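Supplied in structure tokens, the structure appears directly below.
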Amino acid sequence: MEWKSLYLLVNLGSIAVPLLLSFDKKVAFYSKWKAFWPANLITLTFFIIWDVIFTEASIWGFNEAYLLGPHLFGLPIEEWLFFICIPYAC
């Protein structure tokens, strides 16, 4: 059985419940998106640069069996989504 979309499913699974709860009146995280997105982009930038350097240096890599295929700066698109989904889920 092939799991080409496993990393994407992990990302989507991790964000599904927090995203739904963002619109709950008790949580109302959607009202804090103005602060979240700039903070997340700063963090994402640092860790994407880190990942690009470490991937190019073969310190770590990604198993293509679990990836859809599109890459940006040598990183799978799922890795980019990881740095959006996981901080949001937290």
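Between a first residue in the stretch 1-29 that is within 19 Å of CYS90 (Cβ to Cβ) and without any contact (Cβ under 8 Å) to a residue 24 or more places away in the chain and a second residue that is open to solvent by 90 Å² or more (accessible area, probe 1.4 Å) and part of a helix (DSSP H, G or I), which pairs have beta carbons less than 8 Å apart while being 6 or more apart in sequence or on different chains?
SER22/TYR30; PHE23/TYR30
Output the residues belonging to the stretch 74-90 that are open to solvent by 50 Å² or more (accessible area, probe 1.4 Å) and over 14 Å from LEU44 (Cα atoms).
Hit for the stretch 74-90 is CYS90, nothing else.
Looking at THR43 and the list (1) of a type in the set (Val, Ile, Thr); (2) in a helix (DSSP H, G or I); (3) exposed (fewer than 11 other Cβ atoms within 10 Å of the Cβ), which single condition is not satisfied?
(3) is the only condition that THR43 fails.
For the stretch 1-38, which residues satisfy the criterion of being part of a helix (DSSP H, G or I), of a type in the set (A, V, I, L, M) and surrounded by 11 or more Cβ atoms within 10 Å (Cβ to Cβ)? Walk me through how you get there before you give the answer.
First, the residues of the stretch 1-38 that are part of a helix (DSSP H, G or I): 6-21, 29-38.
Going one step further and asking which of them are of a type in the set (A, V, I, L, M), we end up with 6, 8-10, 12, 15-17, 19-21, 35.
The answer is LEU6, LEU8, LEU9, VAL10, LEU12, ILE15, ALA16, LEU19, LEU21.
Considering only residues that are touching a strand residue (DSSP E or B) at 6+ places or on another chain (Cβ under 8 Å) and aliphatic (A, V, I, L, M), which ones fall in the stretch 14-60?
Kept after step one, since they are touching a strand residue (DSSP E or B) at 6+ places or on another chain (Cβ under 8 Å), are these residues of the stretch 14-60: 48, 51-52, 55.
Those that are touching a strand residue (DSSP E or B) at 6+ places or on another chain (Cβ under 8 Å) and aliphatic (A, V, I, L, M): ILE48, VAL52.
Taking ALA57, is it over 14 Å from ALA89 (Cβ atoms), touching a residue at least 40 places away in the same chain (Cβ under 8 Å), loosely packed, with under 11 Cβ neighbours inside 10 Å and among the aliphatic types (A, V, I, L, M)? Walk me through how you get there before you give the answer.
Working: over 14 Å from ALA89 (Cβ atoms): yes; touching a residue at least 40 places away in the same chain (Cβ under 8 Å): no; loosely packed, with under 11 Cβ neighbours inside 10 Å: yes; among the aliphatic types (A, V, I, L, M): yes.
Spelling it out, it is not the case that ALA57 is over 14 Å from ALA89 (Cβ atoms), touching a residue at least 40 places away in the same chain (Cβ under 8 Å), loosely packed, with under 11 Cβ neighbours inside 10 Å and among the aliphatic types (A, V, I, L, M).
The values are calculated or read from the model by the stated rules, or taken from the named source; none is laboratory data. Just so you know, these numbers come straight off a predicted model, no measurement behind them. Every residue, glycine among them, receives a Cβ derived from its backbone with ideal geometry; neighbour counts consider all protein chains shown. Protein only, heavy atoms only, side chains kept; ligands, DNA and RNA dropped before computing areas. Shrake-Rupley method; radii C 1.70, N 1.55, O 1.52, S 1.80 Å.
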